[in-house]
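Presented below is the structure to which this report refers.
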Amino acid sequence: MISPFAHKQVSRKVISYGLSAYGYDFRLSDEFQVFTPVNGEAIDPKNHQSTNFISVKAKSLLIPPNSFILGRSLEYFRIPREILTICFGKSTYARCGLVVNVTPFEPEWEGFATVSIANTAPLPVRVYANEGIAQLIFLEADEVCRVSYADKKGKYQAQQRITNAKIKS
């Protein structure tokens, strides 16, 4: 279901990741998309302009004040049909003013998670690749869902890289 999988919580000299009591703390990869409002246009989820982002590969990255970046999970997920996940940002980052957003992983969704990381602080905040970014809580249903993410051919199924906003055509 999770690859690579850390069988225990790793926390020495890093922002923790791995298996926890009731969830899994996943890591941030070293691939980022940095928001750069070069053309000054509005951000439109129905007409996403990739020119608003610059791709960066780095061990760590500073997020400017009142801005955001997109990242990718280091782990690849394969969610079973009877499982749903809810994701919460790590408290270490929350205490620095970062808001981490990842939508729930629906039953039978798979892929690398695209992570939105917003800096609400008045100063830049650094994030670290290969360290924890968010915790997944797994919820098991009493019954298998009727229509899974795979059944409905979800638009973010099996994503291999940071995936920008898109709508089905």
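Elements of the type strands (runs of 3 or more DSSP E) sitting completely within the stretch 52-111 and holding at least 3 residues that are among the aliphatic types (A, V, I, L, M): these cover 60-63, 67-78, 83-89, 98-101. Just name the residue that is farthest from Ala58 (Cα to Cα) out of those in the stretch 103-136 that are at pLDDT 95 or above and of a type in the set (Val, Ile, Thr). For the stretch 103-136, the residue satisfying everything is Thr120. Can you tell me which residues in the stretch 126-158 are surrounded by fewer than 18 Cβ atoms within 10 Å (Cβ to Cβ), of a type outside the set (Phe, Trp, Tyr) and in a strand (DSSP E or B)? Within the stretch 126-158, Arg126, Ile137, Leu139, Glu140 qualify.
Can you pull out every residue in the stretch 24-39 that is in a strand (DSSP E or B) and either more than 15 Å from the chain's Cα centre (by Cα) or of a type in the set (A, V, I, L, M) (or both)?
Across the stretch 24-39, the qualifying residues are Leu28, Val34, Phe35.
Restricting attention to the stretch 57-82, the residues being surrounded by fewer than 20 Cβ atoms within 10 Å (Cβ to Cβ) and in contact with an Asp or Glu (Cβ under 8 Å, 6 or more places away or on another chain) number 9.
Residues in the stretch 137-169 that are β-branched (Val, Ile, Thr), over 13 Å from the mean Cα position of the chain (by Cα) and modelled with pLDDT under 95: Val144, Ile167.
Would you confirm whether any residue within the stretch 6-13 is surrounded by 12 or more Cβ atoms within 10 Å (Cβ to Cβ) and touching a residue at least 24 places away in the same chain (Cβ under 8 Å)? Spell out how you get there, then give the answer.
Of the residues in the stretch 6-13, the ones surrounded by 12 or more Cβ atoms within 10 Å (Cβ to Cβ) are 6, 9-11.
Then keep just the ones that are touching a residue at least 24 places away in the same chain (Cβ under 8 Å); that gives none.
The answer is no, given that none of the residues of the stretch 6-13 is surrounded by 12 or more Cβ atoms within 10 Å (Cβ to Cβ) and touching a residue at least 24 places away in the same chain (Cβ under 8 Å).
Figure legend. Inter-residue proximity from the stretch 61-75: first residues farther than 16 Å from Tyr156 by Cα, second residues among the basic types (Lys, Arg) and surrounded by 21 or more Cβ atoms within 10 Å (Cβ to Cβ), beta-carbon distance below 9 Å, spacing 6+ or different chains. Indicated pairs: Leu74/Arg27. Return yes when Ser29 is within 15 Å of Ile133 (Cα to Cα) and polar (S, T, N, Q) and no when it is not. Here the answer is yes, as Ser29 does meet what is asked. Among the residues of the stretch 99-139, just one is over 23 Å from Leu19 (Cβ atoms), among the small types (Gly, Ala, Ser) and touching a Gly at 6+ places or on another chain (Cβ under 7 Å), namely Ala121. Among the candidates Ala121, Ala42, the residue that is without any contact (Cβ under 8 Å) to a residue 12 or more places away in the chain, surrounded by fewer than 20 Cβ atoms within 10 Å (Cβ to Cβ), of a type outside the set (S, T, N, Q) and assigned to a loop (DSSP other than H, G, I, E, B) is uniquely Ala42.
The values are calculated or read from the model by the stated rules, or taken from the named source; none is laboratory data. Fair warning: this is a prediction, and the values are worked out from it, not measured in the lab. Methodologically, a virtual Cβ is constructed for each residue, glycine included, from the backbone with ideal geometry; neighbour enumeration extends over all protein chains shown.
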